[in-house]
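One structure is given here, and the rest of the page talks about it.
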Amino acid sequence: MGKVVDQTFKSSSGIKLAAGIVGALWAASGGMSAVVVSLNKIYQVTENRPWWKQKLTIIGLTVALAAHRFAALSVPAPRLRLLSLRAADPVSA
């Protein structure tokens, strides 16, 4: 499997990475747009912002949520390993 990953990184360019990031951001912002529309409907609010301000807000929310999830998943990872080692040790239990 490592050989396949190495070949992929060697043969691919930055354009593919950028296209992947843009595609992921586009898909995720579509979901966030649905959340914004749903919340507007629930709270019976009419959208008064121009479309470009709404899009920038949605993309900003998407990036902020992605950064929050990345931070939440990456920070406690060393603690999980420590907790699993403690649980497996019969002396500390």
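The values are calculated or read from the model by the stated rules, or taken from the named source; none is laboratory data. In this text the structure is predicted, and so the values were computed from the model without any measurement. Glycine also receives a Cβ, built like all others from the backbone with ideal geometry; neighbour counts cover every protein chain displayed.
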What residue, among those in segment 28-55 that are more than 15 Å from Ala66 (Cα to Cα) and either in contact with a Lys or Arg (Cβ under 9 Å, 6 or more places away or on another chain) or among the charged types (D, E, K, R) (or both), is surrounded by the most Cβ atoms within 10 Å (Cβ to Cβ)?
Lys55
Between residues in segment 27-51 that are more than 18 Å from Val63 (Cα to Cα) and residues that are assigned to a helix (DSSP H, G or I) and not β-branched (Val, Ile, Thr), which pairs lie under 7 Å by C-beta distance while being six or more apart or on different chains?
Glu47/Asn40; Glu47/Gln54
Which residue out of Leu83, Leu65, Leu25 is at pLDDT below 75, surrounded by 11 or more Cβ atoms within 10 Å (Cβ to Cβ) and not in a loop (DSSP other than H, G, I, E, B)?
Leu83
